[in-house]
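These notes are about the structure you will find just below.
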Amino acid sequence: MGIKYAYIWALLGVLALGLGAKEALTPTDGADFFYQRFGDKNQPHKKINHTKGFCASGYFEPRKDIRSFVKIPLLEAKSKVLARYSIGGGNPYVSDRTNPHGLALKITDGKEEWDFAMLNTQINAGKTPELILEFLSLAADPSKKDKLKELAHQHKSVQHFMDYSRSLGVPLSLANVAFHTQHVYGITQNDGSVMHAKIVFAPQAGVIERSSQEAQKSGDNFLEKRFQEDLKKGSVRYHMYLIVAKPDDVIDDISVFWGSDNRKIFLGTLVLDRFEGQGCEGDVFLPKVLPLGVKAPIDPVFEFRNQVYTITHQRRQ
């Protein structure tokens, strides 16, 4: 169970703080816990969450007629990209077979920047940091199995998330993983109006998972090597899509699935063509860094996670 639920750590930067669901949860609490659990006085500058990972770079190539769909100046021309792949949690030796897999991006033209911190999961266990924390505190403790069942009975989002987590497999390559924002952004359309949309970076090579036998034979450290092998064949590419909200879609709750028939708008292609090793370890990817034409999500988790990221980055300077 621990492996299946480990990846929620990535979203909040928190785990079991020992707080009750009714107590106020602060970003500082989240940062404190990770340092208590994963801090290492001999490595004070290491990333305290999503510790295992590596960096890459490349560019974003917009579709030629992007202005016909959205009004985001940053995406109207080829832009530089810094990327970091990672695995959730603070264990630098965690198995590559463990979820979640993360992809952080900085897309910039030298004037503006758009940061992403995405996961290979479409939803979360709850709408609020408090509910997600309560779920984590129970899921992390086998002795609280009955309380976890009770929580899942009380909150459908927890049960949906538990069911969803069981469907996650081991990727063939990071070039075969789709990465999701979970959050819903306000996107300026070409006529100046705003539409609400989630964002997904879908692998050009398609989503492919290893069979259970292949996964067992893979060992614990294969994704970085596989990525470098993929680059020898060319580049790793993802198509950037907006998943547009329907009038009745929930836009302030990251635990809710949308339907499969939502309108998709292709914006361009993310091309990663250079392996950077640990070259971006000192960087922080803050989702609140947005370009003109993009409004911040309104769900209660978005600002919370940004504050946690800021606090932990400051502490490792």
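The values are calculated or read from the model by the stated rules, or taken from the named source; none is laboratory data. Here the structure is a predicted model, which means the values were calculated and not measured. So basically every Cβ, Gly included, is an ideal-geometry build from the backbone, and we count neighbours across all protein chains shown. Side chains are part of the model used for accessible areas, which takes the heavy atoms of the whole protein and leaves out ligands, DNA and RNA. Shrake-Rupley method; radii C 1.70, N 1.55, O 1.52, S 1.80 Å.
Here are the numbers for the structure shown:
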| quantity | calculated |
| --- | --- |
| Hydrodynamic radius by Kirkwood, which averages 1/r over all alpha carbon pairs of segment 233-311, in angstrom | 15.9 |
| Size of electric dipole in the chain: Cβ of Lys, Arg +1 and of Asp, Glu -1, about Cα centre, debye, nearest 20 | 540 |
| Cross-link pairs 47/156; 71/111; 111/198 - those with Cα-Cα distance over 26 Å | 47/156 |
| Low-density loop cleavage sites - chymotrypsin sites (Phe, Trp or Tyr not before Pro) in segment 42-110, where at most 14 other Cβ are within 10 Å (DSSP) | 93 |
| Apportionment of accessible area to carbon and sulfur, the chain, percent (1.4 Å) | 49 |
| Theoretical FRET efficiency, 1/(1+(r/R0)^6), r = Cβ-Cβ of residue 273 and residue 65, R0 22 Å, to 0.05 | 0.35 |
| Tensor-based shape of segment 139-255 (alpha-carbon gyration tensor, a/c under 1.5 rounded, otherwise prolate or oblate) | oblate |
| Gain in span if fully extended, residue 220 to residue 160, counting 0.36 nm per residue against the direct Cα distance | 18.8 nm |
| Cleavage-rule hits (trypsin sites (Lys or Arg not before Pro)) in segment 89-180: DSSP loop, at most 12 neighbouring Cβ within 10 angstrom | 111, 166 |
| Spin-label pair residue 257/residue 317, simplified geometry with 7 Å Cα→Cβ offset, distance in nm | 4.3 |
| Gyration tensor (alpha-carbon) shape descriptor, the chain, a/c threshold 1.5 | rounded |
| Cα→Cβ-extended label distance, 7 Å offset, between residue 310 and residue 145, nm | 4.3 |
| Label-point separation, residue 283 to residue 193 (7 Å along Cα→Cβ), nm | 3.6 |
| Cβ-based charge dipole, the chain, positive-most Cα from 119, 277, 289 | 277 |
| Relative contact order %, the chain, counting alpha carbon pairs below 8 Å whose residues are six or more apart | 25 |
| Of the chymotrypsin sites (Phe, Trp or Tyr not before Pro) in segment 221-317, those whose Cβ has at most 15 other Cβ within 10 Å and which sit in DSSP loop | 257 |
